[in-house]
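Remarks on the structure that follows.
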Amino acid sequence: MAQPVIPTTTASRLLWLVLALVSLTTCVHFWRATTLLDEGSDSLDEGGDYSPYDSHHHLRKGTISLLQVPSKNLKPSLDFPMPQEGRAKQCINRSYNTSAMPQVAIIIPYLHESLELAMHTVGSLIGNTPPELLQEILLIDDGNEKDWTYESTLTKLHPKVKYHRNNQRQGLIKAKKTGADLTDAPVIVFLEPHCLANRQWLEPLLERLMQDKKRVVIPVIDILPEKDPSKYVYVAGMYGGFKWNLEFNWMGTASGRNASYKIPDPFPMPSMSGGLLAMWRDWWLESGEYDSQMTEWGSEHIEMSLRIWRCGGTVEAVPCSRVGHMFRGHRPYAFHGEAAVKNKKRLIDTWLDNYKEKAEQVSQGTKNIDGGDISDRLAIRDKLKCHDMDWYIKNVYPELAFY
């Protein structure tokens with residue numbers, strides 16, 4: 001086999017080096033987009049909303065999604081496809097003192113969802129949650145049309161399953177707040193109606209919450225492929241973040257960010273993906289809940305991440321807690337882009353400080369619109385003596401300075 005030819009002139013060597021670096025970078029990006037195994041692990045770790053693996057699991061063109069037509073003729077059932085074991089060895093059969101743990105209320109808003117998937121979600125929660133820890137599962141019907149409400153079926157699933165209907169659509173952000181207002185458990189858990197709770201999903205989250213009342217915890221979010229949500233795909237551990245356009249993304253692996261990281265230790269999340277989280281009710285209220293003037297969905301998870309970190313709390317992923325989530329190629333409901341733009345404008349005006357102009361330059365449509373009155377959000381900043389954006393970049397998310 002012929003040996004590679006190494007250029008001899010200085011200019012040629014420089015050009016050769018640049019080409020080699022480009023090739024290496026391409027390989028790294030290809031690996032990051034396709035690998036499912038975390039370094040040094042024989043199990044798999046984390047994914048989540050806006051997963052980098054979406055393209056591998058979305059439906060092919062012309063295929064009908066479970067979410068495109070309402071479910072019919074399904075009897076109430078708590079049966080669900082139990083995921084194959086794939087957790088880290090250190091997590092399996094770990095014992096927890098559940099008698100010392102607080103109860104939780106699980107809040108699940110839904111709009112144009114599959115009844116089959118919703119029943120799988122509830123079934124996995126009932127089956128994989130210690131009953132003494134579960135106060136209730138509250139399903140929020142966010143203004144569904146008659147064929148999509150499923151009330152008579154959902155309310156027959158289990159005595160701990162509760163149902164509330166919003167007569168008019170509130171949007172995901174407000175529906176979550178409505179659910180939190182209607183429950184009184186010490187811990188609030190937000191989930192989605194197309195999930196599967198894995199074995200011992202809740203106990204590791206509560207264990208971490210009991211160590212810090214101002215902590216927000218997130219399960220590792222695995223993949224339920226849209227083309228076959230009965231499958232469960234364990235994915236590599238990544239931390240959440242964003243660039244100056246303030247759009248969430250998975251930015252890299254926990255071990256890639258911290259060379260001393262050891263699986264399955266919890267790790268900090270500069271930003272949460274938004275859909276799945278747990279926190280103390282007292283901290284939910286004290287820290288400002290969601291911005292009540294944000295509508296539908298969008299930017300609330302970035303806003304909450306900045307607020308929690310900068311106002312005395314932390315956000316972390318807990319790899320021993322795993323929940324599968326179905327990543328959808330298309331939303332099964334109408335979404336108004338102007339709502340997302342206004343939400344982001346409120347985020348920028350409240351939290352970006354001297355980086356406001358930088359964010360507006362790359363956040364389409366935000367520069368010349370009015371985000372509305374933010375005096376109540378600024379009052380929260382003052383009351384909690386929150387840090388500024390420079391502190392967040394320096395202490396939580398230094399990578400942001402390089403984007």
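The values are calculated or read from the model by the stated rules, or taken from the named source; none is laboratory data. Everything numeric here is computed off the predicted structure, so don't read it as measured data. With ideal geometry, Cβ positions are generated from the backbone for all residues, glycine too; neighbour counts draw on all protein chains shown. Heads up: the accessible areas ignore ligands, DNA and RNA and are worked out on the full protein's heavy atoms, side chains in. Shrake-Rupley method; radii C 1.70, N 1.55, O 1.52, S 1.80 Å.
With the condition kept exactly as written, say whether any residue in segment 279-288 is open to solvent by less than 10 Å² (accessible area, probe 1.4 Å), in contact with a strand residue (DSSP E or B) (Cβ under 6 Å, 6 or more places away or on another chain), of a type in the set (A, V, I, L, M, F, W, C) and in contact (Cβ under 8 Å) with a residue 40 or more places away in the chain. Looking through segment 279-288, at least one residue is open to solvent by less than 10 Å² (accessible area, probe 1.4 Å), in contact with a strand residue (DSSP E or B) (Cβ under 6 Å, 6 or more places away or on another chain), of a type in the set (A, V, I, L, M, F, W, C) and in contact (Cβ under 8 Å) with a residue 40 or more places away in the chain. Considering (1) touching a Leu at 6+ places or on another chain (Cβ under 6 Å); (2) buried (at least 18 other Cβ atoms within 10 Å of the Cβ), say which one Tyr232 fails and leave the rest. For Tyr232, the exception is condition (1). For Lys156, the test of being open to solvent by 80 Å² or more (accessible area, probe 1.4 Å) and touching a Pro at 6+ places or on another chain (Cβ under 7 Å) is passed. Taken together, Glu247, Glu207, Glu192, Glu226 contain a single residue that is closer than 17 Å to Ser305 by Cα and surrounded by fewer than 23 Cβ atoms within 10 Å (Cβ to Cβ), which is Glu247. Of the residues making up segment 300-321, those that are open to solvent by 10 Å² or more (accessible area, probe 1.4 Å) and farther than 14 Å from Arg377 by Cα are His301, Trp309, Gly312, Thr314, Glu316.
Against the condition in a loop (DSSP other than H, G, I, E, B), open to solvent by 20 Å² or more (accessible area, probe 1.4 Å), within 26 Å of Gln84 (Cβ to Cβ) and of a type outside the set (Phe, Trp, Tyr), how does Lys213 come out, does it pass? For Lys213, the condition - in a loop (DSSP other than H, G, I, E, B), open to solvent by 20 Å² or more (accessible area, probe 1.4 Å), within 26 Å of Gln84 (Cβ to Cβ) and of a type outside the set (Phe, Trp, Tyr) - is not met.
Phe190: within 18 Å of Thr314 (Cα to Cα) and touching a His at 6+ places or on another chain (Cβ under 9 Å), yes or no? No; evaluated as a whole, the condition is false for this residue. With respect to Tyr355, determine if the residue is hydroxyl-bearing (Ser, Thr, Tyr), touching a helix residue (DSSP H, G or I) at 6+ places or on another chain (Cβ under 8 Å), assigned to a helix (DSSP H, G or I) and surrounded by fewer than 22 Cβ atoms within 10 Å (Cβ to Cβ). Yes. Need a quick list: strands (runs of 3 or more DSSP E) entirely within segment 106-190 having at least 1 residues that are farther than 20 Å from Ile218 by Cα and at pLDDT 95 or above. Filter on segment 106-190 gives 134-142, 161-166. Pairing each residue of segment 73-86 that is closer than 18 Å to His158 by Cα and modelled with pLDDT under 95 with any residue that is open to solvent by 70 Å² or more (accessible area, probe 1.4 Å) and outside any loop (DSSP other than H, G, I, E, B), provided the two are 6+ apart or on different chains, yields C-beta distances under 7 Å for Leu74/Glu116. Residues of segment 353-373 that are among the hydrophobic types (A, V, I, L, M, F, W, C) and in contact (Cβ under 8 Å) with a residue 40 or more places away in the chain: Ala359, Val362.
Please tell me if Thr129 is among the polar types (S, T, N, Q) and under 18 Å from the mean Cα position of the chain (by Cα). Criteria not met by Thr129. All of (1) closer than 30 Å to Ser71 by Cβ; (2) in contact with a helix residue (DSSP H, G or I) (Cβ under 8 Å, 6 or more places away or on another chain) hold for Asn245 with one exception: (1). Among residues of segment 161-182 that are more than 14 Å from Leu139 (Cβ to Cβ), those with a beta-carbon under 6 Å from a residue that is of a type in the set (D, E, K, R) and in a helix (DSSP H, G or I) at least six positions away or on a different chain give the pairs Ile173/Glu300. When you go through (1) of a type in the set (A, V, I, L, M, F, W, C); (2) part of a strand (DSSP E or B); (3) in contact with a Lys or Arg (Cβ under 7 Å, 6 or more places away or on another chain) one by one for Trp201, which number turns out not to apply? Of everything listed in (1) of a type in the set (A, V, I, L, M, F, W, C); (2) part of a strand (DSSP E or B); (3) in contact with a Lys or Arg (Cβ under 7 Å, 6 or more places away or on another chain), Trp201 misses just condition (2).
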